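Below: the structure, in structure tokens.
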Amino acid sequence: MVTAREGLGALGGAESVETRRSREGGSFVRAAETTHTSLLHARLQRLANVEISDLAVYFATIAARCV
């Protein structure tokens, strides 16, 4: 049997979980940097040019309202 603290410690050693000690701290699951980047590249490659253009318009509209 393993306690939650021991489990988080083991996952933290494998850099799967990040634990922050502070007033607003806690334990957070971390995605591997290479996995995250490769997933984003794969997703972008599947998008058509018109979909990317639509996303640009969408984000530009939101950004314009944030000023």
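All of the numbers you see were taken from the coordinates with simple rules; none came from a lab. As the structure is a computational prediction, the values presented were derived from the model and not from experiment. A quick note on method: Cβ atoms are made from the backbone with ideal geometry, for glycine too, and the neighbour counts reach across all protein chains shown.
Counting helices only, and only those DSSP H runs with n ≥ 4, report the 222 nm mean residue ellipticity of the chain as the sum of -39,500 (n - 2.57) divided by its residues, in deg cm²/dmol to the nearest 500. It would help to have the intermediate numbers written out before the result.
Details: 3 runs with 41 residues, N = 67.
One gets -19500 deg cm²/dmol as the mean residue ellipticity at 222 nm.
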For this session: Can you pull the one-decimal nm distance between simple spin-label points at TYR58 and LEU39, each 7 Å off the Cα toward Cβ?
Result: 1.7 nm
For this session: Please identify the helices of the chain, taking whole runs of DSSP H, that span at least 15 Å along their own axis as judged from the Cα atoms and have a mean Kyte-Doolittle score of 0.0 or higher.
Result: 49-65
For this session: Specify which labelled value, from (i) 1.10; (ii) 1.22; (iii) 1.13, agrees with Rg/Rh (Cα atoms, Kirkwood Rh) derived from the coordinates of the model shown.
Result: (ii)
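Sequence gap at least 6, Cα distance under 8 Å: using those rules, report the relative contact order of the chain to the nearest whole percent.
Values: 24 pairs, mean separation 10.5, N = 67.
Once divided by the residue count of the chain, the mean separation gives 16 percent.
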